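Structure first, then comments.
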Amino acid sequence: MNVRSQCDGLFVDIDNTLYCSMSLFSEVVKRSLNDPVMTPNRVAAGTGFEGSASNELNYPGGIFVDVNLDLYVADCGNDRVQLFQPEESNGFTAAGSTSLTPTISLRCPNGIVLDAEKYLFIADIGNDRIVGSDLNGFRCLVGCYGEGSHSNQLSYPFSLSFDRSGNMFVTDSYNNRIQKFLLMKNSFALSFNQPRFSSTPTWNSNATIFAVQSIVGRIPRAIFVDTNNTIYIANQEENIIVVWHEESINPTKIIFGNFTHSSSLFVTLNGDIYIDDGFKNGRVQKWIAENNIFVTIMNVSSQCDGLFIDIHDTLYCSMSSRQQVVKRSLNDSLMTSNRVAAGTGIQGSASNELNRPVGIFVDVNLDLYVTDCLNDRIQLFQPEESNGITVAGSTSLNPTITLRCPTGIALDAERYLFIVDQGNDRIVGSDSDGFRCLVGCDGMGSHSNQLSYPFSLSFDRSGNMFVTDQLNHRIQKFAYLDQLCVNTSSVALSTYQSNLTNNSSTYFPNCIYSSSYYEAIQVKVLRSGLYTFFSKSGMDTYGAIYNEYFNPSNPKENRLSDDDEGCRLHQFKFAITLQINITYILVITTYNYVADLFSIIVSGPDVVGLKNISTQSVIQIPYSSLVQSNYSLQLTTDSQTYSRDCRKLNYYYQAIRMNVIETGYYALSTSSNMSTFGDIYEDDFNSMNPFENLLSQNYRACSYQDFKFIVYLHAGTTYILVVTTSSPNITGKFSILTSGPNNIALDPYTQILTSCFIGQKCQFYKKNIGITLDDILHDEIRPHMTLSGQTILMKINTTSTMIMFVGGLINGILSIITFQSKGLRKVGCGIYLLASSITSLLTISMFTLKFWFVILTAMDLSIHLAVVRGGCVSIEPLLKLCLYLDGWLNACVAIERAILVFKGIHFNKRKSRRIARCIIVILPFFVMGSIIHEPIYRELHEIKTETNTAEIDRWCITHYSPFVQQYNTIILFFHLAVPCIINLCSALFIIFGSARQRSTAQTRRTLRQHIYDQFSQHKQLLISPMVLLILSLPRLIMSMLSECVNPSNHRWLFLFGYFISFTPSMLIFIVFVLPSNLYRRAFKESLTRCRRLFHQ
């Protein structure tokens, strides 16, 4: 395609036509890619001249063409999005202040995308944000906090795109980055329910009492129902929060706090609770679910009769005694002053005034609804507007109801209002026909159809209404009655009819009911969107929908949604968003082997395909006796034990290998006089962690004593069946019956316990590769005893350590005395040896510190945890640092000696000193940088002992990923083996180099004779690295040992190898000083000087 300017937007439609928006020419052109010849471009939109008429554009940017070939153009200069239908030169404004139904103002829009429902998503460059549309119009999605470089801000966002998961990618131009915004589930991540009701919803006028005064106290006010149907109620008398989880009759949790007279609360998606504590303490408190503590989150000057958190994490508080609603952003790191959201602080009835505001609600457009109690109205305050609009009450523009001190408010998915009309003791609601009374329509009273001074309301996800009935001191639940279960006026319907019979497959929906007939129906979605499923039958139906597949042996797996009595007459109903190209399985069942006809009706944006995919239950298939297996086994007191549930110990169990010959569904069941429990594991069973590799845990006992599995097994895969009991310390005989497409061979076996793990059952840590002093001595040390009470081995180790420390101390001091001589430090070799003398002293000191740290922290468990953790993380890496430095300094000595032989008289001493000083400075950083992963991956774990649950066992453990483990192995070889190899190679080079030089000068003798003389003269150069290498080998071997090696089996051998690996640090004086005439002479001179100084 040839164009006259840059293309600010490119798009290829479904007919393979290429579009280009040329902002400089105010035009969009196109050409068909199917044309064999590059024909001239055709005009798709715009006249080529800047303008704001319907056929004109001004600096067009992003473009989008939908499947109907409708062209959407981001008309930047006109602050609008234009829609041009096929072959139409005049467009109409789809978004912007000049649209027919303006809901948002744009400022130079550029990027534009449509979703599957043809809702618009626009990069609003001038406002540095992304906006989008839905049923309720446009709203800001991301970048809603102004221009900036924070993670929630944008600067000149140019374009956007979605991945298949709905995550949004934005080109953040002036921040020079691409930002990814994750899609939050559950519709704007709301924590409360906004049901989608039918056109004329009704509720059962007779409520059931959900909670009475003994539970919620006198005059209950605050209630909240989250999207999981968890119900939270504040008890003002006891200053507690009472919690009911879904479908529970009795409270499941009580949260105690120091709040008083709480009138409101709000719960976020992560379970955090915001509760009013303003009456006495002038604050709003936040209960943090993660650590079960209360913190102050907002300071207020009176109680908050209403609390709300909007989609931008802004907290609102309505202060009825202050005639105001205030707010503050929870994203601010500091608790800044509150801002006014509505009201002047002075009571009044003007549009900007309030008189005792109580309940509040903020929708996704940030519109604030306030129950203006003493003005008998509901006020709507739009964002950044101080003047409100009366949307309900006698003073509204279109009054349809008279209110008397409204106190509670909620909006449904269609933005219809539901109001607690406190003064009239009722709940009213709006729909397309205006307002009407919903419940409590028979006057004040205490009957089931009456309320007395209701304060607030909340919906569960099925649309049932919960009301705080203050003067009756109770919580009332009004059941939602959906007469049609779906509004059929604007959706496509799909129907499916079938029947459950005695030949239908069976499964256990849960362990409350017995086995039930079911039918599995594959759902094929042709268009993504929100679909509603409901049933119609003469039997009590239950429905559930699954993602990808349905596993009858685990009915909770992959379950997306389910319902039991969402419609009247015991029929299910649930709504769920479905995507194309994904397989869904709808399962319909009933209870107690009931069989009857049923119909499934599905409503949504398009019809769906429904196909029966049920197969006869594997248990009911009459397999031949040749493919049925029966094994009799027994659990005794000699059987192995484990913690089945990680709470109780001593469950006897039998592990059984299963050899599956043919892939398919298999049924496994037990027959026993004890209550058995079964688990199936894939590949391996680890009794230390009973949840690892768990394939299917389906306790089929329910009303029976024995388990029954229905599981799909693959041929050639190793499976482990673990048979245990429902309670610990139970023994007895049992038999296993298997049936399926082929015979299963069962092979009982006894597990061999290894030392791969540290700790006790269900509280263990897998050891990493390598043996440390902690591993060797940990089980040998007796806690709560002094050194005199330790084993003979520990006493010998302590004595050996102190002898090594004294020997190393003497070695280090004598070496430092020798190499502090200025004459020896004229070359780099003397500088290296002086540094090596210091590091050898540090090494033996760190070794002694390490030994005593291990001993003392194991003997005295009262040592502060921070001290133990600090030593665990730091001592071992510091010990390795000193040890590796010592080896590399010795290697530097060998390298310099080799260079001296090579250079001869040309050896530059000054350069040698300069290089040595640089290396000594750089070398510690190099070594520390190579082992920096050690302190990062080292951590301390406290484990309760199995014999005494009050006693703590501490383990210093290193956890490496496979990549880091491989790197650690390479570094280990590098630091231990390479210096020794350098020493050896350098010695050989010196011997052969010197021999060659002498054979050139002294020709009367052969090269072999000169080599022999050099070997005799410099044999210590070969002996020293060989000895160092041999002494380092035990540490190298121990560092490479498998994690499953138990050092307690050969403790003497491991201790000998560990201790001997530190002897090279004690041999600097012996290896370098004593064999050398020059160094011995320097030592004697330094010793003489020291004596003179001492006697002066």
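A few comments on the model shown:
- Here residue 531 clears all of (1) over 19 Å from residue 461 (Cα atoms); (2) in a strand (DSSP E or B) except the condition numbered (1).
- When every residue of the range 314-333 is checked against the conditions, at least one turns out to be in a strand (DSSP E or B), touching a strand residue (DSSP E or B) at 6+ places or on another chain (Cβ under 9 Å) and among the small types (Gly, Ala, Ser).
- Residues in the range 347-384 that are in contact with a strand residue (DSSP E or B) (Cβ under 9 Å, 6 or more places away or on another chain), over 23 Å from residue 412 (Cβ atoms) and in a loop (DSSP other than H, G, I, E, B): 348, 349, 351, 352, 353, 355, 356.
- Test: residue in the range 320-331 that is free of Cβ contacts under 8 Å to residues at least 24 places away in the same chain and surrounded by 18 or more Cβ atoms within 10 Å (Cβ to Cβ): yes
- For first residues located in the range 80-95 and within 26 Å of residue 130 (Cβ to Cβ), partners that are among the acidic types (Asp, Glu) and lie 6+ apart or on another chain with Cβ distances below 7 Å form the pairs 81/75; 82/75; 83/70; 85/70.
- Listed here are the strands (runs of 3 or more DSSP E) enclosed by the range 710-797 that have at least 2 residues being modelled with pLDDT of 80 or more and aliphatic (A, V, I, L, M): 719-725, 732-739, 744-749.
- Complete set of residues in the range 534-559 that are over 27 Å from residue 713 (Cα atoms) and part of a loop (DSSP other than H, G, I, E, B): 538, 539, 540, 541
- The single condition among (1) in a loop (DSSP other than H, G, I, E, B); (2) open to solvent by less than 50 Å² (accessible area, probe 1.4 Å); (3) closer than 18 Å to residue 125 by Cα that residue 53 does not meet is (3).
- The lone exception for residue 407 - which of (1) hydroxyl-bearing (Ser, Thr, Tyr); (2) modelled with pLDDT of 95 or more; (3) out of contact with any helix residue (DSSP H, G or I) (no Cβ under 7 Å at 6 or more places or on another chain) it fails: (3)
- Taken together, the residues in the range 833-881 that are of a type in the set (Ser, Thr, Tyr) and within 37 Å of the chain's Cα centre (by Cα) amount to 3.
- Residue count for the range 95-115, restricted to those that are within 36 Å of the chain's Cα centre (by Cα) and either under 20 Å from residue 169 (Cβ atoms) or crowded, with 23+ Cβ neighbours inside 10 Å (or both): 7.
- Boolean, residue 250 is within 16 Å of residue 217 (Cα to Cα), without any contact (Cβ under 8 Å) to a residue 40 or more places away in the chain and not β-branched (Val, Ile, Thr): yes
- The residue that is surrounded by the most Cβ atoms within 10 Å (Cβ to Cβ), among those in the range 253-278 that are part of a loop (DSSP other than H, G, I, E, B) and touching a Cys at 6+ places or on another chain (Cβ under 8 Å), is 264.
- The residues of the range 346-383 that are open to solvent by less than 60 Å² (accessible area, probe 1.4 Å), touching a helix residue (DSSP H, G or I) at 6+ places or on another chain (Cβ under 9 Å) and farther than 19 Å from residue 307 by Cβ, listed by number, are 348, 353, 355, 376.
- Within the range 238-252, the residues that satisfy the criterion of being under 15 Å from residue 275 (Cβ atoms) and part of a loop (DSSP other than H, G, I, E, B) are 238, 239.
- Taken over the range 439-484, the criterion of being out of contact with any helix residue (DSSP H, G or I) (no Cβ under 9 Å at 6 or more places or on another chain), of a type in the set (A, V, I, L, M, F, W, C) and open to solvent by less than 20 Å² (accessible area, probe 1.4 Å) is satisfied by 439, 457, 459, 465, 466, 467, 478.
Matching residues to (1) at pLDDT below 95; (2) at positive phi:
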position: 222; (1), (2): no, no
position: 226; (1), (2): yes, no
position: 229; (1), (2): yes, yes
position: 262; (1), (2): yes, no
position: 271; (1), (2): yes, yes
position: 280; (1), (2): yes, no
position: 288; (1), (2): yes, no
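- Matching residues, the range 940-974, being at pLDDT 75 or above, aliphatic (A, V, I, L, M) and open to solvent by 30 Å² or more (accessible area, probe 1.4 Å): 970
- Among residues of the range 238-260, those that are within 16 Å of residue 213 (Cα to Cα) and modelled with pLDDT under 90, counted: 2
- Evaluated against (1) assigned to a strand (DSSP E or B); (2) within 22 Å of residue 159 (Cβ to Cβ); (3) open to solvent by 30 Å² or more (accessible area, probe 1.4 Å); (4) at pLDDT below 95, residue 43 falls short on exactly one condition, (2).
- Residue match in the range 10-27 (condition: part of a loop (DSSP other than H, G, I, E, B), closer than 16 Å to residue 158 by Cα and under 45 Å from the mean Cα position of the chain (by Cα)): no
- Take the conditions (1) open to solvent by less than 20 Å² (accessible area, probe 1.4 Å); (2) at pLDDT 90 or above; residue 77 misses just one of them, which is (1).
- Counted residues, the range 1066-1096 - those being of a type in the set (Ser, Thr, Tyr), in a helix (DSSP H, G or I) and either at pLDDT below 75 or loosely packed, with under 13 Cβ neighbours inside 10 Å (or both): 1
The values are calculated or read from the model by the stated rules, or taken from the named source; none is laboratory data. Fair warning: this is a prediction, and the values are worked out from it, not measured in the lab. Backbone-built Cβ (ideal geometry, glycine too); neighbour counts: all protein chains shown. Remember, those area values only see protein heavy atoms, side chains included, never the ligands or the DNA or RNA. Shrake-Rupley method; radii C 1.70, N 1.55, O 1.52, S 1.80 Å.
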